[in-house]
């Protein structure tokens, strides 16, 4: 599932010791495995090979240019939801023709940007958006292929914030409105409505919601074709899970085994297939490495206060999401054989893993069974590659962390840690003029012996 493993008692990413990464890049730091990224994309392509889909990686899950470039070199297109993400995809070398553009609130400028770039497929989410797109496309004299996002009214049984396939959602239109939508807009000369788009939520840990959704989409496709419309594109979206908890997520091949047979006859008649995976490619390909600043006991509670918190990884506090957390160099008796055997280890005790932010909701784990920890220890937060860095913030004026990409026995910093100057670079002081530069401690956490992320035991 990933290329993070304990060797001789110490955590490695591929062949690189994560301690060495912390020494150079400081903490907190996101670490991605190139080999894991490639293998996950290849497995997905192999599983759905009978449909020859264009696999468009979800940029919102992990937007680092080096990650995007690596996936593009493997043949991936990109799923974008903003003009900024489209600009990133283009900068990473992905042609706009291999990009799909979704999102409920595309601005006029973003629509024009996508049209001028030659977007491959533009997913439309409402009548008002389509009418606006039609006007802009006609004014520019640019034709584009569009897909209507439909809500099949299927419960994906995921977190309420990431469930998008029910009727009561801001995304897409329900099936009844979809039929009327095509009657009204399906013959537009410039915004050519010729596809259907599904995205019912994320992460989805069972296959049944996909089966139900695809059946409804195909029934609508057949009905629209009988009415004289051409439907030659089907975007199945994403939502396949990552392995946050061992064995929780079916392999991609299991999803495909259920979905592909329903679609093969349609593909044989010319239906183009699109997929928009994100976390299933990058989730297990990344970890967050953080350092324990202080250990604290309050009443019966034990706290590990770290330099990463909700400003670095929002998912635990925002979605109540689980991430496996373990020391990067545990004592010999706490070296994990597998994540499933952790609970049976003697000597563990409950601990809240929290961050430095001035919020009670700032945590990475609550009452987590962990071995003894000490100031200066490195903790690895696993399955953090998706919606980690892309949701990180500068709350409490915290500079954004570094990102590192590992290739076999070497690694490179693919996003440097922000400095205090970076935090204020876009602000204009009263009265105009340049903002003053802070020469002291301008790059916190730049290395293990200097800055805000220094190993506490060495200060």
Check: Could you say whether any residue in segment 226-236 is in contact with a helix residue (DSSP H, G or I) (Cβ under 6 Å, 6 or more places away or on another chain), surrounded by fewer than 21 Cβ atoms within 10 Å (Cβ to Cβ) and modelled with pLDDT of 95 or more?
Finding: yes
Check: Could you count how many residues in segment 288-320 are touching a residue at least 24 places away in the same chain (Cβ under 8 Å) and not in a strand (DSSP E or B)?
Finding: 14
Margin query: Out of the residues in segment 1-33 meeting the condition of being surrounded by fewer than 24 Cβ atoms within 10 Å (Cβ to Cβ) and under 24 Å from residue 256 (Cβ atoms), tell me which one is modelled with the highest pLDDT.
Written below: 3
Next item on the list: Please enumerate the residues belonging to segment 380-391 that are surrounded by fewer than 23 Cβ atoms within 10 Å (Cβ to Cβ) and within 10 Å of residue 314 (Cβ to Cβ).
Entry: 390, 391
Notebook entry, point to check: Can you tell which of 228, 247 is under 27 Å from residue 60 (Cα atoms) and in the same structural domain as residue 120 (by TED's automatic domain parsing)?
Noted result: 247
Next item on the list: Scan segment 336-369 residue by residue and report those that are at pLDDT below 95 and at positive phi.
Entry: 347
Check: Condition test on residue 63, is it in the same structural domain as residue 382 (by TED's automatic domain parsing) and either touching a strand residue (DSSP E or B) at 6+ places or on another chain (Cβ under 7 Å) or surrounded by fewer than 24 Cβ atoms within 10 Å (Cβ to Cβ) (or both)?
Finding: no
Note to self: When you check residue 169 against the structure, is it surrounded by fewer than 18 Cβ atoms within 10 Å (Cβ to Cβ), farther than 30 Å from residue 337 by Cβ, touching a strand residue (DSSP E or B) at 6+ places or on another chain (Cβ under 9 Å) and modelled with pLDDT of 90 or more, yes or no?
What the structure shows: no
Next item on the list: Residues that are without any contact (Cβ under 8 Å) to a residue 24 or more places away in the chain: find the strands (runs of 3 or more DSSP E) completely inside segment 1-110 holding 1 or more of those.
Entry: 4-7, 10-13, 77-80, 99-101
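Every residue, every condition in (1) within 21 Å of residue 391 (Cβ to Cβ); (2) not assigned by TED's automatic domain parsing to the domain that holds residue 182, yes or no:
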site: 53; (1), (2): no, yes
site: 83; (1), (2): yes, yes
site: 88; (1), (2): yes, yes
site: 116; (1), (2): no, no
site: 122; (1), (2): no, no
site: 133; (1), (2): no, no
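The values are calculated or read from the model by the stated rules, or taken from the named source; none is laboratory data. Predicted model, so just to flag it, every value in this text is computed and none were measured. Glycine gets a Cβ as well: all are built from the backbone with ideal geometry, and neighbour counts include every protein chain shown.
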